[in-house]
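The structure appears below as structure tokens.
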Protein chains: 2
Amino acid sequence: MSEAYVHGYHPRENERLQDQAGTLVDLLHCDTSYPPGSVVLEAGCGVGAQTVTLAARSPGARFTSIDVSAVSLAQAERATRSAGLTNVQFQQADIFALPFAPESFDHVFVCFVLEHLSRPVEALTILKGLLRPTGTITFIEGDHGSTYFHPDSSAAHKAIQCLVDLQRLAGGNSLIGRQLYPIMVEAGLEAVRVSPRMVYVDSSKPALVDGFTRKTFTAMIEGVRESAIDAGMATPEAFDAGIRDLYRTAEADGVFCYTFFKGVGEKNGRG
Amino acid sequence: MSEAYVHGYHPRENERLQDQAGTLVDLLHCDTSYPPGSVVLEAGCGVGAQTVTLAARSPGARFTSIDVSAVSLAQAERATRSAGLTNVQFQQADIFALPFAPESFDHVFVCFVLEHLSRPVEALTILKGLLRPTGTITFIEGDHGSTYFHPDSSAAHKAIQCLVDLQRLAGGNSLIGRQLYPIMVEAGLEAVRVSPRMVYVDSSKPALVDGFTRKTFTAMIEGVRESAIDAGMATPEAFDAGIRDLYRTAEADGVFCYTFFKGVGEKNGRG
């Protein structure tokens, strides 16, 4: 993996991810809860942006949340402790070298992780192997190519493309949301069902204008400014024009659209 | 208005529009019904693709459905008669020269019409004037810029852009879906709420793969082949490559996404 920016692993990004989790909780998580006694693996918990919601929504389930970054894990642990949650244990581990026996978990949950992996199907196959026969696996991913807005702006689309290109250079895939279905099927999951979770923002929804258009999406694109300029993907002027146009969509007559995708599959199609 | 292609006014297009209406009925119309005794104007009914659903869902309401095209109106009338509906009367009229007194209607319904108008805000203002004080007005529009798919293809996006450009040359706007909110607010409507209606298609939904990806969307783009080539927007080879790639998204590992937008506003914000 190159040194190119990967979001989620820079300190100033963490606040953004926490904001995002707060704004989007219902949209992404409303239909995920695990029965009491379930043993659930959260693979790639990062700073715990989803962990708190996940564990709070299934108080009787026991979660094991893993991440490759010890720094992120420490923050995730603080976040769950602050929330008074006691049903999560944290463990440092790499998805491609997991320290768990086959069929150790009833369910697996993976959010905003596949976009960073160069071998997503291999990761799914590994995770599937950890599931008990009636287990389910849930994925949530964004798709930066799902972004459109009013007023339309080619400068803004070019700034977004910088993040897509940087993520590709880092071995990831910013367009993975739309690909969840074929990836899950290719990994041999059964009864796969994928649903879009579209974020539609106009000025009748000021919390989303601020929390999503400005502080989540545009902040994320702004976060790659230096990397994009250093990589020769954009001039400072062109990039800044794109960012200006993204903020323009947060004005009173602006509209912003983005879609997350959520996929659920079963190990044996009998869950 | 130029002679460029405008969909809905060519005979072989009618079947496509009827197909589309069938596939998308629930997504677009599930939350539209009018109380018994309501007097409702459907402005721009075309061949009646929406009229049958609209009138069937509100059997106690009385509809007046207008269109500029006598040929389309005759077909719409046959469609409602075949469906056994008696609560619709048809009238040939132009939205910009309507033969109705102010405040003649309880509600107004407009579907796939604004995309064809060069002065949408003016049309909305005229329609608003026809509403009684507690009236509502509903708009449904597509947005061709909301289209994305897997496998991604620049040839396919270029073929779609031909339709967007042809519609712009004809005075219309293929990206109007995302603009419903600001247009409705600008026309002085109150309590405006816009919701996206996203069509997500993967191969677990064969009826949508066939009914929407192939027979609605790709057929619509294919329908402008000659116009796009005549206008010098694409070579036959480039256009056909785009169409081939659109059909490719209908294969087993393909995914297709498109979003309609539905907006409802009130005349006085007290409805």
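Details
- Relative contact order, whole percent, for region A:143-271 stands at 48, derived from Cα pairs under 8 Å and 6 or more residues apart.
- For the residues of B:201-209, the average number of beta carbons from a partner chain within 10 Å of their own beta carbon is 3.
- Gap separating the Cα centres of region B:98-121 and region B:198-249, nearest whole Å: 30 Å
- Inter-probe distance in nm under a simple model that places probes 7 Å from Cα toward Cβ, at residue B:97 and residue A:193: 5.3 nm
- The dipole here belongs to the protein assembly as shown: it is taken about the Cα centre, uses +1 on the Cβ of Lys and Arg and -1 on the Cβ of Asp and Glu, and is about 1220 debye.
- Rounded to whole Hz, the Karplus (6.51, -1.76, 1.60) HN-Hα couplings of region B:154-171, x for glycine and proline: 6, 4, 5, 4, 5, 5, 4, 4, 4, 5, 4, 5, 5, 5, 5, 4, 7, x
- Rounded to the nearest 10 degrees, the angle from helix A:11-29 to the longest Cα principal axis of chain A is 70 degrees.
- Extreme residue, positive dipole direction of region A:210-271, given options A:256, A:231, A:242 (C-beta unit charges): A:256
- Here the Karplus relation 6.51 cos²θ - 1.76 cosθ + 1.60, evaluated at θ = phi - 60°, turns the backbone of region B:51-67 into coupling constants of 4, 4, 4, 4, 6, 5, 7, 10, x, x, 8, 10, 9, 10, 10, 10, 7 Hz, with x for every Gly and Pro.
- Remark on residue A:103: its backbone amide H falls under 5 Å from those of A:130, A:131, a criterion applied only to residues 5 or more positions apart or on other chains, H modelled at 1.01 Å from N.
- Between helix A:120-129 and chain A: long-axis angle, C-alpha atoms, 0 to 90°, nearest 10: 20 degrees
- Simple Cβ-charge dipole of region B:122-271, Lys/Arg +1 and Asp/Glu -1, about Cα centre, in debye nearest 20: 720 debye
- Subset of A:205/B:205; A:128/A:262; A:215/B:158; A:205/B:262; A:267/B:205; A:215/B:267 violating a 23 Å alpha-carbon distance limit: A:205/B:205; A:215/B:158; A:215/B:267
- Placing +1 on the Cβ of every Lys and Arg and -1 on the Cβ of every Asp and Glu, with nothing else charged, gives chain B a dipole about its Cα centre of roughly 660 debye.
- Calculated from backbone phi, Karplus (6.51, -1.76, 1.60) coupling profile of region A:209-218 in Hz, x at Gly/Pro: 4, 7, x, 9, 4, 7, 8, 9, 6, 5
- Sorting A:212, A:96 by solvent-accessible area of protein heavy atoms yields A:96, A:212, largest first, with a 1.4 Å probe.
- Solvent accessible area, Å² - residue B:266, 1.4 Å probe, full protein context: 20 Å²
- Axis of helix A:236-248 versus longest Cα principal axis of chain A: the two differ by about 70°, to the nearest ten degrees.
- Summarising the amide proton neighbourhood of residue A:255: residues at separation of 5 or more, or on other chains, whose placed amide H is nearer than 5 Å comprise A:150.
- Loop-resident trypsin sites (Lys or Arg not before Pro) (DSSP state other than H, G, I, E or B) in region A:185-271 with no more than 11 further Cβ atoms inside 10 Å of their Cβ: A:270.
- Comparing B:148, A:84, A:150 along the charge dipole axis of the protein assembly as shown, the residue lying farthest to the positive side is A:84, per the Cβ-charge model.
The values are calculated or read from the model by the stated rules, or taken from the named source; none is laboratory data. The structure displayed is predicted, hence computed values, not measured ones. Note that we place each Cβ from the backbone using ideal geometry, even for glycine, and neighbour counts take in every protein chain shown. SASA here: full protein model, heavy atoms, side chains in, ligands and nucleic acids out. Shrake-Rupley method; radii C 1.70, N 1.55, O 1.52, S 1.80 Å.
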